[in-house]
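Undergrad: Let me give you the structure first, and then I'll get to my questions.
The values are calculated or read from the model by the stated rules, or taken from the named source; none is laboratory data. Please read these numbers as outputs of a predicted model, since none were measured by experiment. Counting neighbours? That spans all protein chains shown, and the Cβs are built from the backbone with ideal geometry, glycine included. Only protein heavy atoms, including side chains, enter the accessible area calculation; ligands, DNA and RNA are left aside. Shrake-Rupley method; radii C 1.70, N 1.55, O 1.52, S 1.80 Å.
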Amino acid sequence: MVEPNSFFRVAKNEIFGRFIIASKNIQQGQLIFKENPAVLCPQVGGPIICFNCCAQLRKLFFCPDCRVAVLCNPNCKSQFHNAQECTALKTLPLNHDDILSNPEIVTPLRCLLWRQFDKNLLENFLQLEAHLNFRRESQIWRRNRVNIEDVLFKLKILDENDLRDDVVQKICGILDINTFDVRQPQRNRLGFNQSENLRGLYLKAALMAHDCVANTHLAVDDDFVLYVHAAVDIPEGSPIYFNYTDVLQGNDERKRRLLNAKHFECQCLRCRDCTEFDTEMSSLKCPRCHKGLLRPKPWQCSSCQRIFQDSLIKMTITECQRRIEEFESPTIEALEKFLKKLSFTFHHQHYLVLEVEQNLVRLYSQASPSGKNLNRKIELCNKLLEIFRKIEPGISRIQAIAMYELHSAVANLAQKCYNNKEFGTEEFVKRLLAAETILKNSIKYLLYEPVKSPEGRLAQNALSELKMLRLSINNIQLGEKQTKPTKNKRKK
Ligand SMILES: [Zn+2]
Ligand SMILES: [Zn+2]
Ligand SMILES: [Zn+2]
Ligand SMILES: [Zn+2]
């Protein structure tokens, strides 16, 4: 499964189980590997998707050959419902009504079909972590038994031995623990914050251990190919990590999600540092002395030393999250007002504050480009960038996007001030050059995004904007050179 001249090899220890480590020094930006998904499936309880291209179904069609596989249109020409799967489906005592009335059987069924045509794939898949002991008789276990196991047994696709071996529970556990969220095709052309609605299982990537500070940059293109680049230099022998959780959440929230979904407690540097690399992303202001900070955990004030109950902090955070979610299409004024309110309770770099500020950056990008709006956008982008550099060092998508937004505000503001004669050509060029540097740095990271992806298309836009910016700077500088000698001649 691991190619001979690859950048990594599989290791094993008590903490991570099987994981991959660098088999040589890997430089920042190096493509460590790319791979196709072994499985693509909806989220748990999600709707059936096209067996072939994984698109959401607007109308129902069935494969003209096996008459079981559900397709988005009868001519869907994609790759995932291949001839082998089609043949295997034909051998089963199954029709498409069984699928439509039991949508949850689809993915486990498709994995079970590998028994007939790709035993090797099944074997590699079943070696992944399923955490059966954590899951046994849990709610999800019982749900899988009723919705999947019992149905497949009645359909005679599972036998007694399979039930005894918990084959279905194992498949479901492996999917829950090892899949990545990926976008559906042809959607979210330039959206970065829409909910991601498919799960992809990648056999090599599933062996990457977790660290809240990843040393890799992951990207999935429109054809679901996953690219793993080194985000920073990775020395030989070091584990190749990625971050399973959201880097923009605080320690408590990340820990909770990791424990629930992946069944382990993270012990990385960030998780062990209550200041989260001096970002204070989880810190609250002390409601008693109004001087100190409450950091996790125990939530003890750094000034008056009073300890606050965990439940109180949780309630405060839940209430704030609820209010953030309540904003459906907020105005700049409403969010700025809300931000002021938050500043009484939270540190100004708390992750909830940052979440609101990111929403504000988006709103300012769409707002009228007044001097006030542009200045505020610049202020917010600079603040966010400083934090992003600490929590996601090296090649980083959130840094790239923040720099892209920053460059456009800096360039727009420069143009505006110049038009208003607030400064002369020299200052104008200086500011445009600053915007150019920021844009170049953004592109440096965006170029690690696959061409066929929303971020890859953003990279292409950014490149043409860079060309335009360079052109305007050249023209202004050229205009300067031409006007100066003429003036001198006139003087003579
Ligand atoms: Zn399709
Ligand atoms: Zn078929
Ligand atoms: Zn961690
Ligand atoms: Zn205090």
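Undergrad: So, in Å, what gap is there between the alpha-carbon centers of region 82-133 and region 399-465?
TA: Answer, in whole Å: 48.
Undergrad: Could you sort 256-264, 82-90 so that the peptide with the highest average Cβ count within 10 Å comes first and the rest follow in order? Walk me through the intermediate numbers first.
TA: Values: 256-264: 14.8, 82-90: 16.3.
Result, highest mean first: 82-90, 256-264.
Undergrad: Further question on the same structure: If the chain between T91 and H263 were fully stretched, how many nm would it gain, using 0.36 nm times the residue separation less the Cα-Cα distance? Write down the numbers at each step before the final one.
TA: Details: separation 172, 0.36 × 172 = 61.92 nm, distance 3.76 nm.
Length gained between T91 and H263: 58.2 nm.
Undergrad: Suppose we look only past 27 Å in the calculated P(r) of region 53-182. What percent of the Cα-Cα pairs does that tail hold?
TA: Working: 1598 of 8385 pairs.
The answer is 19 percent, as a whole percent.
Undergrad: Shifting gears a bit: Above 16 angstrom, tally the Cα pairs of region 252-338 and express them as a % of all pairs, no decimals. If you can, show how the numbers build up before the last one.
TA: Working: 2389 of 3741 pairs.
The answer is 64 percent, as a whole percent.
Undergrad: With a Förster radius of 30 Å, plug the Cβ-Cβ distance of K390 and S368 into 1/(1 + (r/R0)^6) and report the FRET value to the nearest 0.05. Present the calculation step by step, with values, prior to reporting the outcome.
TA: Numbers: r = 33 Å, r/R0 = 1.09.
After rounding to 0.05, the efficiency reads 0.35.
Undergrad: Going by average Cβ density within 10 Å per residue, which order do the peptides 12-18, 444-450 take, highest to lowest?
TA: Values: 12-18: 11.3, 444-450: 20.3.
So the peptides 12-18, 444-450, ranked by packing, come out 444-450, 12-18.
Undergrad: Run the simple label-point estimate for N120 and D159 please: 7 Å along Cα→C-beta, distance reported in nm.
TA: The two pseudo-label positions are separated by 2.6 nm.
Undergrad: Just to be sure I understand the model, the point goes 7 Å from the Cα along the line to the Cβ. What's the resulting R470 to H348 distance in nm?
TA: Inter-label distance under the simple model: 3.8 nm.
Undergrad: Here is a follow-up. Say R0 is 35 Å: what FRET efficiency, to the nearest 0.05, do I324 and A83 get from their beta-carbon distance?
TA: Working: r = 49 Å, r/R0 = 1.39.
Given R0 = 35 Å and the Cβ-Cβ separation, E is 0.10.
Undergrad: Label points 7 Å out from Cα along the Cβ direction at N461 and N73: separation in nm?
TA: So the label points at N461 and N73 sit 2.7 nm apart.
Undergrad: Heavy-atom accessible area per residue, region 245-367, 1.4 Å probe: how many Å²?
TA: Working: 6730 Å² over 123 residues.
Normalised by residue count, the accessible surface of region 245-367 is 55 Å².
Undergrad: 222 nm [θ] for the chain, helices only, -39500 (n - 2.57) per DSSP H run of 4+, per residue, to 500?
TA: On the way: 18 runs with 228 residues, N = 492.
Calculated mean residue ellipticity at 222 nm is -14500 deg cm²/dmol.
Undergrad: What base-10 log of the normalised intensity I(q)/I(0) is obtained for region 371-492 from the Debye formula, alpha carbons as equal point scatterers, at q = 0.22 Å⁻¹?
TA: -1.23
Undergrad: Take every Cα-Cα distance within region 2-80, group them into 10 Å bins from 0 onward, and report for each bin the whole-number percent of pairs it holds.
TA: 15, 29, 19, 23, 14, 0
Undergrad: Amide H of V39 versus every other amide H placed in the peptide plane: which residues, excluding those fewer than 5 positions away on the same chain, fall under 5 Å?
TA: The list, which skips near neighbours in sequence, is L201.
Undergrad: If you don't mind, another one. Take the solvent-accessible surface of the protein heavy atoms, probe 1.4 Å, and return the percent of it on region 248-383 that carbon and sulfur atoms account for.
TA: 52
Undergrad: Just to be sure I understand: of the beta bridges DSSP finds with both ends in the chain, what percent are antiparallel, rounded to 5?
TA: Numbers: 34 of 36 bridges.
Looking only at bridges with both residues in the chain, the antiparallel portion is about 95 percent.
Undergrad: Assuming R0 = 25 Å, what is the FRET efficiency of V146 and S311, from their Cβ-Cβ distance, to the nearest 0.05? Let's see the in-between values first.
TA: Numbers: r = 34 Å, r/R0 = 1.37.
The formula returns an efficiency of 0.15 here.
Undergrad: Quantify, in whole percent, the carbon and sulfur part of the accessible surface of region 53-182 (1.4 Å probe; protein heavy atoms only).
TA: On the way: 3280 of 6880 Å².
Using a 1.4 Å probe with all protein chains present, region 53-182 comes out at 48 percent carbon and sulfur.
Undergrad: May I pose another question? Once you have the Cα-Cα distance between Q139 and T437, take 0.36 nm times their residue separation minus that, and quote the gain in nm to one decimal. Walk me through the intermediate numbers first.
TA: On the way: separation 298, 0.36 × 298 = 107.28 nm, distance 5.26 nm.
So the chain would gain 102.0 nm between Q139 and T437.
Undergrad: Shifting gears a bit: As a test of understanding, state the convex hull volume per residue of the chain from its alpha carbons, in Å³. Write out the running numbers ahead of the final one.
TA: On the way: hull volume 98.6 nm³, N = 492.
Here the figure is 200 Å³ per residue.
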